[in-house]
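The structure under discussion appears below in the form of structure tokens.
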Amino acid sequence: MNKTIPSWCLFDFANSSYSAVITATIFPVYYANIIVGNTAGMGDIWWGRAISVSMAIVAITSPFLGGIADYAKIRKKLLLFLTFLCIAAVASFSFLRKDMAIEGFVLIVLANVGMEGGLVFYNSFLPEIVQPTHQGRVSAWGFGTGYAGSIFSLLLALFLVSHGMINSIWLMVALFFAVFSLPAFIFLPSDPKAGTKIFVSAIDGFCHTWGQFKKMWLNKNQRKFLIAYLIYEDGVNTVIVFSSIFAATTLGFKSDELIYMYLIVQATALAGVFLMAGYIDYWGPKRVILLSLILWIAVSIAIFFVYGKLLFAIIAAIAGFGLGTVQAATRAFYTQFILPGKESEFFGVYSLVGKSSAIIGPLVFGYLSSTFGSQRPAVLSIALFFLLGFVIIKSVSGGQPNVS
């Protein structure tokens with residue numbers, strides 16, 4: 001039995017504990033409201049800074065890391081190292097206390113660099129282990145398995161919250177990530193023995209990735225794809241990292257209510273990504289992206305007018321349907337550009353653009369929230385990211401069905 005695809009998907013199951021608990025629900029509220037204190041939006045600002053700085057680091061280093069993976073032949077080793085970095089930083093959250101904003105900032109940056117940096121190498125395995133005709137559905141399976149991991153880890157977090165064991169949640173996430181990522185390190189393709197020195201590889205990787213970026217930039221359709229992805233992914237990332245803070249600060253959600261709401265969102269996301277998995281291949285990823293962005297535009301505008309918890313939860317559940325779908329379809333669209341043997345290099349560009357997209361949005365949200373003394377104008381601004389991304393991606397040629 002081929003164990004590479006299930007193992008690849010299971011890594012998404014593992015790291016989704018981080019995405020669900022640390023990035024999206026409990027820790028953002030804990031850091032902003034307890035560690036920093038969200039008076040006058042200062043918690044929003046510090047959280048936005050931490051996410052933006054970590055994403056900037058990943059964006060800058062991705063071409064170097066991609067080159068190291070391609071030329072030094074240590075892709076799997078780097079995935080292991082960055083995964084360990086994330087796990088160790090998350091476990092260290094247990095030492096954070098009130099007014100330790102700087103210490104928390106540093107640990108968040110380290111954890112996010114480990115998590116997001118590792119995804120450069122995780123994503124680059126997809127074209128190697130899956131035929132082009134099935135990359136769309138396997139990409140979706142990965143996201144879908146990840147949502148299952150989110151649900152499982154949130155149920156564990158809910159148990160700990162109900163017993164007043166908040167600090168134990170960070171240790172649970174670290175252990176969850178460590179245990180369920182093991183199959184990927186066992187069964188994914190091993191690094192070849194041959195390779196050049198790491199420093200030389202890093203420079204070569206930067207030069208080749210930058211060269212590849214320039215080639216893509218000179219291609220009209222690829223350039224528009226990268227711009228569109230940069231913009232609408234910024235909206236997606238901002239929603240992910242600020243949704244729980246908005247729910248807690250503006251609408252008064254408690255920790256257990258946040259978990260229940262996010263469980264619903266993950267369930268609808270899981271249903272959506274598996275329902276749309278085949279359509280990414282049969283309709284083509286471009287059409288699926290456009291439909292998802294229409295959904296996100298409507299959701300962003302609707303949330304601006306929401307004042308009740310129930311209505312917010314309903315809208316969030318609807319939004320969940322398009323969460324993994326737009327990301328899976330985007331990844332499948334991008335694989336149509338990749339040249340054989342250049343997977344890590346191309347995904348270095350993909351990460352460079354994708355992580356850059358998480359720099360501006362969180363900063364804009366944090367500063368709009370602080371400036372207006374309300375998070376609602378910040379929420380409304382996200383709709384503009386989706387709208388502009390929709391207009392640009394609609395004009396891109398490609399993204400057609402890729403089935404035999």
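The values are calculated or read from the model by the stated rules, or taken from the named source; none is laboratory data. Model, not experiment: these values are computed from the prediction. Backbone-built Cβ (ideal geometry, glycine too); neighbour counts: all protein chains shown. The protein model used for the area step is the full one, side chains on, heavy atoms only, and it has no ligands, DNA or RNA in it. Shrake-Rupley method; radii C 1.70, N 1.55, O 1.52, S 1.80 Å.
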Too long for a 27 Å Cα-Cα cut-off, among Lys214/Lys286; Lys98/Lys254; Lys224/Lys309; Lys215/Lys394, are Lys224/Lys309
For the chain, find the longest principal axis of its Cα atoms and tell me its angle to the long axis of helix 376-394, 0 to 90°, nearest 10. 20
Return the whole-Å distance between the Cα centroid of region 362-390 and the Cα centroid of region 240-260. 17
Relative contact order of region 211-340, pairs being alpha-carbon contacts under 8 Å that are 6 or more residues apart, as %: 32
When all alpha-carbon pairs of region 237-363 are counted, what percent fall beyond 20 Å? 52
Among the trypsin sites (Lys or Arg not before Pro) within region 46-155, which fall in a DSSP loop and have no more than 14 other Cβ atoms within 10 Å of their own Cβ? Arg97, Lys98
Sequence-distant or interchain residues sharing an amide H contact under 5 Å with Asn38, placed H: which? Gly43
Nearest-0.05 FRET efficiency for Ala298 and Leu155 at R0 = 30 Å, using Cβ-Cβ distance, is 0.50
What number results when the radius of gyration of region 322-404, computed over Cα atoms, is divided by 2.2 N^0.38 Å? 1.38
Work out the FRET efficiency for Lys3 and Leu171 from their Cβ-Cβ distance, taking R0 = 41 Å, and round it to the nearest 0.05. 0.90
By how many degrees, between 0 and 90 and to the nearest 10, does the Cα long axis of helix 198-218 differ from the longest principal axis of the chain? 90
Taking θ as phi - 60°, what are the ³J(HN,Hα) couplings along region 246-258 by the Karplus curve (6.51, -1.76, 1.60), each to the nearest whole Hz, with x for Gly and Pro? 4, 4, 6, 7, 7, 9, x, 5, 8, 4, 5, 5, 4
Computed over the chain: relative contact order in percent, which uses C-alpha pairs under 8 Å that are six or more apart: 31
To the nearest 20 Debye, how big is the dipole of the chain about its Cα centre, given +1 on the beta carbon of each Lys and Arg and -1 on that of each Asp and Glu? 680
Please grab the % of Cα pairs in region 1-144 that end up more than 20 Å from each other. 53
Farthest towards the positive end of the dipole of the chain, among Leu311, Tyr147, Pro28 and with Cβ unit charges of +1 on Lys and Arg and -1 on Asp and Glu, lies the Cα of Tyr147
Could you tell me which of Gly366, Gln400, Phe64 has its Cα farthest along the dipole of the chain towards the positive end, charges placed at Cβ (Lys, Arg +1; Asp, Glu -1), taken about the Cα centre? Gln400
If each DSSP helix of 4+ residues adds -39,500 (n - 2.57) and the sum is divided by the residues in the chain, what number results at 222 nm, nearest 500 deg cm²/dmol? -27000 deg cm²/dmol
Using the Karplus equation 6.51 cos²θ - 1.76 cosθ + 1.60 (θ = phi - 60°), what ³J(HN,Hα) coupling, rounded to whole Hz, does each residue of region 146-151 give in order, writing x for Gly and Pro? x, 5, 4, x, 4, 4
Rg ratio (alpha-carbon, reference 2.2 N^0.38 Å) - region 119-167: 1.66
Centre separation in Å (Cα based) which lies between region 88-164 and region 1-67: 7
Which longest uninterrupted range of the chain lacks any chymotrypsin sites (Phe, Trp or Tyr not before Pro) assigned by DSSP to a loop state (not H, G, I, E or B) and surrounded by at most 15 other Cβ atoms within 10 Å? 1-304
Could you give the size of the charge dipole of region 80-216 about its Cα centre, using +1 on the Cβ of each K and R and -1 on the Cβ of each D and E, expressed in debye and rounded to the nearest 20? 160
Using the Cα atoms of the chain to build a convex hull, what is its mean projected area in square nanometres? 17.9
Karplus 3J(HN,Hα) series, Hz, for region 26-39 with 6.51 cos²θ - 1.76 cosθ + 1.60 (x for Gly, Pro): 7, 5, x, 5, 4, 5, 5, 8, 9, 5, 8, x, 9, 5
For region 83-205, go through all pairs of different Cα atoms, get the mean of 1/r, take its inverse, and jot down that Kirkwood value in Å. 17.0
Relative contact order %, region 40-151, counting alpha carbon pairs below 8 Å whose residues are six or more apart: 32
The chain - accessible surface per residue (Å², probe 1.4 Å): 39
